[in-house]
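Read the structure below first, then the notes.
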Amino acid sequence: MKKMLALLLALSATASLTLASCSNDAGTSSAESSADESSSVSSEESTEADATGAIKGGELIVGSVSDVAADMFPGWTASAENQAIWRLLYGYKTVELTPEATYEYDPQVVVEHTETANEDGTKTFTIQIADDLPWSDGTPITAKDYVFGAMLVSSNEYGEIQADNTTGSDYVGFEAWNSGESDTFAGLRLIDDYTFSATVKAESLPYHYEITYAQFTPYPMHVIAPDCTLTDGEDGVTMSAEFTTDLLNETINNPDTGVRYKPTVTSGQYTFVSYDNSNYEAVLQRNENFKGQWEEAYTPNIDRIVIKKVNADTAMDELAQGTIDLYNGVSGGTEINKGLDLYDEGKVSYANWSRAGYGKIQFDCDVGPTASTAVRQAVSYILDKNEFMQQYTQGYGKLVYGAYGISQSEYKANKDAVETELNKYEFNLETAKEVLIADGWTLNANGGEFVEGTDDVRYKQMEDGSLQPLIIKWACTTDNPVVDLLNTMLVPNAPKVGMKIEATVMDFNQMLDELQSPGSEYNMFNLATGFYPVIQPWYMYSMEDAYMGINNSNIIRDEELATVTEEMRYILDEDEWNAKWLEYQKRFNELCLDIPLYSDLYHAFFTTQLQNYKPDSMHQWDETLLYAWLDESATEPTAFVEQ
C-alpha cells in the first residue's frame, strides 16, 4: 500500500543546479554533538513561544549521507549541504525565492527599486537597501558591501585563488574587470551609502529570469578587504590597488582564519560555530542580529543546527534512537520503507514531494573513450535501466530520459513528446556492439581485428595512430546503494560488448573535484542533480573555457546544444520556452551526456518534535526550516504528503 501510494503521488505530483550523492541529494555533518545524545532539543536550553505559536530554541541535528566540505564560502566545488550552509550564513539578498517559489525583492532588504530601459538596449537596476541591516558582529551593512560582493566574485583575483569568477558576466564592463585589464567595473555604480545600481548588457536581454539580474548578496568588505576602498565615478566603480590575489589568499584562503574555512562575520539566519574535517561535521548558531525575511520579518526559530555525516545503512536507526532529528531528501525504496515503518510505529514524522531532479550516471566528454557519443550510448544500452529503477526505487520512482525531474513544469508540458520522441536506450547488448563497431572500435590490443570470445577489450585507432582501449574509468562513492546496484547490473555487462569498466572508490567531495576538473582521468561518475529553482542550461553547456568544470561539468563542446540552450535564455513566452526546452532535451538525449536512472518521490523523516516542516520540490531543506520549530511536548507523528 505504501509503494502504490508513493507511485501514484510521484506520477501526479506538481512542480535547481545542485550536485549531490546519488542515493540522497543532501549533504552531511555535526560538530559538537555526541552519539550519546538521545534528543537534540536540549533541556538545558530555554525555549519560548512567539505570537504565531512558533517556539524559539532547541538544537536540530541533520543527518546526511553526503559529505560537508570545509568550504563555507561560495566559489568552490560544493555538495548540496555546503550550498545550504552558504544560504544560512549569507543572507539579505536583494531578491529572494518566496515561499510560493517565485523571485521577488525582499522588503526587509530593499526599500526602493527601479528598472530603467536605456536607449542603447541595456537595462539598469537601481536598488536602495534598508539602513538597518547588520552584520553578525553588529557592523552596519551598506551599499558598499553589495557592490564589493559583486566585484569580488567577478574579479580576476578571485579566479586566481581557484574560485569560480564567472558570476557577473551579464553586466556591462565585466570582461575588462574580470580579466584584470581594468580596475573599474563599468556596469556598477555606488550612488550613496544605501543605494547602488547595476547595468545589464543589451545582448543579455531579454532574459527568462530577468528579476534575478537584481539579485545581489553582501559580503563583508571590512573582513575580506579591510584596507581597500571603492570609488564611484562616471566610468563605474573602481577598486583600490590594495585589492590583490595575495590579500584574498590571506583573508579568504587562509586555512586558520580565512572566510572560506572560518567565516566569523556573516549576514544570514545563522553564524558559523565550527567544522570538523575528521568526520565532516558542521555546527551553526542562530544569528541574533538577523533582521528577518519578507514582510513578516521571519527569523529562525531553531537555535542551533548540527549537520552530521551518517551512513545510509544506519541512518534510520540513528533517527529512531534520536541521534539525528532530520533525514532529508531520502531516495531509494529500501530506505523509504524503513522510514515509513518508523512512522507506522509512531516514532517519526515524515513528508514527501516529487523531485525536480534525477539520479544519473554522468560522463566526462573531453577525454578518453567517453569523448565519443557512440561509447556513451553503448554504456547506456548495456544497462537495464527499467530493472535498475524498479530495484532501487521500489515503486517510488519513474524512468526519465533527459535532464529533468518529474515535478518540473517543462516536463509536464512536454510529457507526451518526451515519452515518445526521446531515445529510451532500452537494454540491448547487440545494439551496443553495433554502435561501437560503427564508431571504429573494431581492433584488439595488437591492432588486429577484434574477435569476440578471444579478445577481451576493443580498441580504436586514433587520429595520431595510437590505439585507445575501451576502458571506462568510473569514479564512485562509498556506502552507496546505487554503486552496489551498478556493480551488479552494469559492470558485468561491459565485457560482453568488448568494454571494461574500472571502478575507483572515493569520498564524495573528491569525486566532485574530479567531476568538475577538465582533463580528469575519470570518464564516468554516479550522482544526482536537482534543478533549483531555475534552470540555466546556457551555462551548463556553454563552450567557453571559463564555464568548463563547475558549470559545464560534462566538459562537452557541442555547438548545436550550446545554441539551443543559449536561445532559451531570451524567451519570455511560456509556450515558446517549453518548446525550446524540448529541443534541448532531444539534443541532450542524442548526445547521451548522462544516463538518467530515475526521478523519484523524495522523502524526509524527522523527529515528532519538529513542527511545521513542509518541504517541496522548489525549496531546499534550509529554506523550509525558516518556518519550522522544535516542540519538546510534541509526540504525535505527522505526515505532510504531496497532493
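Computed values, structure above
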| item | result |
| --- | --- |
| Accessible area of the chain belonging to carbon and sulfur atoms, whole % at 1.4 Å probe | 46 percent |
| Computed magnitude of the charge dipole of the range 194-312 (debye, nearest 20; Cβ of K, R +1, Cβ of D, E -1) | 640 debye |
| Helix-only CD estimate at 222 nm, as mean residue ellipticity for the chain, using -39500 (n - 2.57) per DSSP H run (n ≥ 4) | -7000 deg cm²/dmol |
| Debye log10 I(q)/I(0) at q = 0.13, 0.28 Å⁻¹ for the range 113-189, Cα point scatterers | -0.49, -1.21 |
| GluC sites (Glu not before Pro) within the range 335-422, DSSP loop, no more than 10 other Cβ atoms inside 10 Å | Glu345 |
| Charge dipole of the chain about the Cα centre (unit charges at C-beta), most positive-ward option of Pro74, Gln408, Thr454 | Thr454 |
| Enclosed volume per residue, in Å³, of the convex hull spanned by Cα atoms of the range 573-638 | 134 Å³ |
| Å² of accessible area per residue within the range 297-406, as computed with a 1.4 Å probe and no ligands counted | 24 Å² |
| Label-point separation in nm, Asn446 to Thr229, each point 7 Å along Cα→Cβ | 7.8 nm |
| Largest-first principal axis extents of the Cα set of the range 440-597 (Å) | 58, 39, 28 |
| Sparse-neighbourhood loop sites, GluC sites (Glu not before Pro) in the range 157-242 - DSSP loop, at most 13 other Cβ within 10 angstrom | Glu181, Glu234, Glu242 |
| Unit charges on C-beta of K, R, D, E only; dipole of the chain, Debye | 1700 debye |
| Distance in nm between pseudo-label sites at Glu521 and Lys412 (7 Å out along the Cβ direction from Cα) | 4.7 nm |
| More than 16 angstrom apart: percent of Cα pairs within the range 519-643 | 72 percent |
| Estimated FRET transfer efficiency (Ser466, Ile437; beta-carbon r; R0 25 Å; 0.05) | 0.80 |
| Label-reachable residues, the range 482-504, where backbone N falls under 17 Å from a point 7 Å from Thr334's Cα toward its Cβ | 482-491 |
| FRET E, pair Gln285, Leu572, Förster distance 35 Å, beta-carbon r, rounded to 0.05 | 0.25 |
| FRET efficiency, Val534 to Thr488 (Cβ-Cβ, R0 51 Å, nearest 0.05) | 0.90 |
| Positive-end residue, the range 134-247 charge dipole about Cα centroid, Cβ charges, pick of Thr166, Gly138, Gly180 | Gly138 |
| Computed over the range 363-484: relative contact order in percent, which uses C-alpha pairs under 8 Å that are six or more apart | 24 percent |
| Shape of the range 252-394, Cα gyration tensor, a/c cut at 1.5 | oblate |
| Distance histogram for the chain (every C-alpha pair counted, 10 angstrom bins, percent rounded to whole numbers) | 3, 15, 25, 26, 19, 9, 2, 0, 0 |
| Dipole magnitude (debye, nearest 20) for the range 154-211, charges at Cβ of Lys, Arg, Asp, Glu | 160 debye |
| P(r) weight above 26 Å for the range 330-454, C-alpha pairs, percent | 42 percent |
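The values are calculated or read from the model by the stated rules, or taken from the named source; none is laboratory data. If you're wondering where the values come from, they're calculated on a predicted model, not measured in any experiment. Glycine gets a Cβ as well: all are built from the backbone with ideal geometry, and neighbour counts include every protein chain shown. Quick note on the areas: whole protein, heavy atoms, side chains included, nothing else; ligands and nucleic acids left out. Shrake-Rupley method; radii C 1.70, N 1.55, O 1.52, S 1.80 Å.
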